[in-house]
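Data first, discussion second: the structure below is written as C-alpha cells.
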Amino acid sequence: MRFDGVSVAIDGVHIVHGVELEARDGEIVGVLGPNGSGKSTLLRSLYRALRPHAGAVLVDGDDVWRDLSARAAARRTAAVTQHSAEEFRLSVREVVLMGRTPHQSLLAPATATDHRIADTALEQVGMDHAGHRLFGTLSGGERQRVVLARALCQQSRVLVLDEPTNHLDIAHQLEFLDLVAALPTTTVVVLHDLNLAAAYCDRLYLLDGGRVVAAGPVADVLTPETVREVFGVSATLGRHPVSGAPHLFFSRSDTEGTPECAT
C-alpha cells in the first residue's frame, strides 16, 4: 500500500499536503501526530471515504480511486472506524456479515460460505459465543472485536484502523492490538498513545500540519527532539523493561512552565 504525494482538502481547506507513505506486506505501520494533524483524513482517502485532490492512493499497484470500483477497493482494503448508530440495532452476526457485502451480488442473501467465513472471523477475535447478541449490548472492547471480525470477513489484504483503542481501558487496548499483531494482513493504524505505537508498529510516520515530518523505525521517529517539537512535551527515550521495545517517559515541556495546583 502506498500514498504517492497525496493531498486532501475539505470544504476548500487543505488538511493533508503531499504525503508519501508506504506499508509493505505484513507490516504494521503507525500514523501518529497531534490532534488536527491530518491522520484520520489521510486514512479516509485509503478506504474511499474522502477523495484526495492530488496524488494517488495505491493498493497492489492500482489507484483505489481511478482504477478500482468501490466494491473492488473494499475487497482489497477493510477499515475499522467509529461505530454508526445503525449497527447498535443489529445482532453481532449481522454486523459481521456486513463484511461480506463486497463479495456478494446486489441484494443477494448471505450464502453458506459467507456464514462460514463469519464464524471463522468471530472465532479469531474470541466472540464466537456472542453471535446472537445485539451489538448495542456489548462492552466497548467487545464491540471493537466484533468490528474487527467484520473487517476480517472482507478478506482484504490491507487493514485500516482509525484510533481503534479510543475509549478502551488498557487491558482491552492490549487485547485488541494483540489480535491485530497476530493477523497476516498489512495494517495501517492511527494511534494517539505513542508507547502503544512503539510496542506494536514496525514503522512509524509522524504527521504535523498535514505533512510527514518524520518516518522510519520507531527509535528514529520518536526521538526526544522530535517529540518536543511536534507534541510540545519533554520525553526521554528508553527501553521497556519486559519487552525491550522503545519506550518514552514524558514530562511537560520546560518552555510551558509548571502549572499551579488548585486549592
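The values are calculated or read from the model by the stated rules, or taken from the named source; none is laboratory data. This structure is a prediction, so every number in the text was calculated from the model and none was measured. In this analysis, Cβ positions are derived from the backbone assuming ideal geometry, glycine residues included, and neighbour counts consider all displayed protein chains.
For the range 110-165, give me each residue that is crowded, with 17+ Cβ neighbours inside 10 Å, β-branched (V, I, T) and not in a helix (DSSP H, G or I).
V125, V158, V160, T165
Does the range 216-226 hold any residues that are in contact with an Asp or Glu (Cβ under 9 Å, 6 or more places away or on another chain) and buried (at least 18 other Cβ atoms within 10 Å of the Cβ), and which are they?
Answer for the range 216-226, where residues must be in contact with an Asp or Glu (Cβ under 9 Å, 6 or more places away or on another chain) and buried (at least 18 other Cβ atoms within 10 Å of the Cβ): just V218.
Could you give me the residue pairs with C-beta distances under 9 Å whose first residue belongs to the range 108-131 and is on the phi > 0 side of the Ramachandran plot, whose second residue is hydrophobic (A, V, I, L, M, F, W, C) and surrounded by fewer than 19 Cβ atoms within 10 Å (Cβ to Cβ) wherever it lies, and which are 6+ apart or on separate chains?
The qualifying pairs are G126/L179.
Looking at the range 26-36 only, could you name the residues that are modelled with pLDDT under 95 and either among the β-branched types (V, I, T) or closer than 18 Å to V64 by Cα (or both)?
Passing the criteria: none in range.
Could you tell me whether any residue of the range 78-85 is surrounded by fewer than 16 Cβ atoms within 10 Å (Cβ to Cβ) and in a helix (DSSP H, G or I)?
For the range 78-85, residues surrounded by fewer than 16 Cβ atoms within 10 Å (Cβ to Cβ) and in a helix (DSSP H, G or I): present.
With respect to E163, is the statement that it is of a type in the set (D, E, K, R) and under 26 Å from D60 (Cβ atoms) true?
yes
Any idea which of G99, G55, G61 is surrounded by 15 or more Cβ atoms within 10 Å (Cβ to Cβ), of a type in the set (G, A, S) and on the phi > 0 side of the Ramachandran plot?
Being surrounded by 15 or more Cβ atoms within 10 Å (Cβ to Cβ), of a type in the set (G, A, S) and on the phi > 0 side of the Ramachandran plot holds for just one of G99, G55, G61, which is G55.
Can you tell me how many residues within the range 73-99 are over 20 Å from the mean Cα position of the chain (by Cα) and modelled with pLDDT of 85 or more?
Adding up the residues that qualify gives 7.
May I ask you to list pairs of residues, at least six apart or on different chains, whose Cβ atoms are under 6 Å apart, with the first in the range 145-166 being closer than 19 Å to A70 by Cα and the second being aromatic (F, W, Y)?
Every condition considered, the pairs that remain are V160/Y47.
Could you name every one of the strands (runs of 3 or more DSSP E) located completely within the range 175-263 that has at least 3 residues being of a type in the set (A, V, I, L, M) and at pLDDT 95 or above?
Passing ranges, in order: 186-190, 203-208, 211-216.
Collect the residues in the range 55-66 that are in contact with a Gly (Cβ under 9 Å, 6 or more places away or on another chain) and either among the aliphatic types (A, V, I, L, M) or without any contact (Cβ under 8 Å) to a residue 24 or more places away in the chain (or both), keeping them in residue-number order.
If the condition is that a residue be in contact with a Gly (Cβ under 9 Å, 6 or more places away or on another chain) and either among the aliphatic types (A, V, I, L, M) or without any contact (Cβ under 8 Å) to a residue 24 or more places away in the chain (or both), then A56 is the only one that fits.
For the range 166-192, name all the residues that are of a type in the set (S, T, N, Q) and crowded, with 17+ Cβ neighbours inside 10 Å.
If the condition is that a residue be of a type in the set (S, T, N, Q) and crowded, with 17+ Cβ neighbours inside 10 Å, then Q173, T185, T186, T187 are the ones that fit.
Quickly run through the range 3-35 and pick out the residues that are surrounded by 13 or more Cβ atoms within 10 Å (Cβ to Cβ), within 18 Å of the chain's Cα centre (by Cα) and of a type outside the set (V, I, T).
Once the filter is applied, which keeps residues that are surrounded by 13 or more Cβ atoms within 10 Å (Cβ to Cβ), within 18 Å of the chain's Cα centre (by Cα) and of a type outside the set (V, I, T), the range 3-35 yields F3, E20, L21, E22, A23, E27, G30, L32, G33, P34.
Take the residues in the range 88-126 that are among the aliphatic types (A, V, I, L, M) and touching a Gly at 6+ places or on another chain (Cβ under 9 Å), then tell me which one is farthest from V147 (Cα to Cα).
Ranking the candidates gives I117 first.
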